Amino acid sequence: MAGRELAKVDPADEPSAEWGWHGTFPKATSAAGVFVAIALCLILIGHHASTTEILYAVIPAVVILAGVVWGNIRKRNDWRR
């Protein structure tokens with residue numbers, strides 16, 4: 001980066017620049033995904049008229065859990081921690 005100056009973030013544009021946080025909530029995102037998947041599985045308790053209701057609860061729960069697991073594996077193997 002010879003000859004280039006790094007652009008500084010103006011705290012007026014981004015107030016969080018004063019204390020250095022820019023990012024997401026990775027633990028809370030994983031916890032929310034697991035909570036939603038469990039809630040979708042709890043919907044299955046009770047009487048159901050057809051298997052379509054079950055599919056609309058199970059498939060999103062499996063996709064969400066797969067996303068949480070994939071994200072955690074990807075985060076564990078990330079070289080930039």
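A few remarks follow.
- Residue 73 meets the stated requirement of being at pLDDT 70 or above, assigned to a helix (DSSP H, G or I), surrounded by fewer than 11 Cβ atoms within 10 Å (Cβ to Cβ) and of a type in the set (Val, Ile, Thr).
- Within segment 42-61, the residues that satisfy the criterion of being free of Cβ contacts under 8 Å to residues at least 24 places away in the same chain and part of a helix (DSSP H, G or I) are 42, 51, 52, 53, 54, 55, 56, 57, 58, 59, 60.
- Scanning segment 5-50 for residues that are under 23 Å from the mean Cα position of the chain (by Cα), at pLDDT 65 or above and of a type in the set (S, T, N, Q) returns 24, 29, 30.
The values are calculated or read from the model by the stated rules, or taken from the named source; none is laboratory data. None of these values were measured; they are calculated from a predicted model. Every residue, glycine as well, gets a Cβ built from its backbone with ideal geometry; the counts of neighbours run over all protein chains shown.
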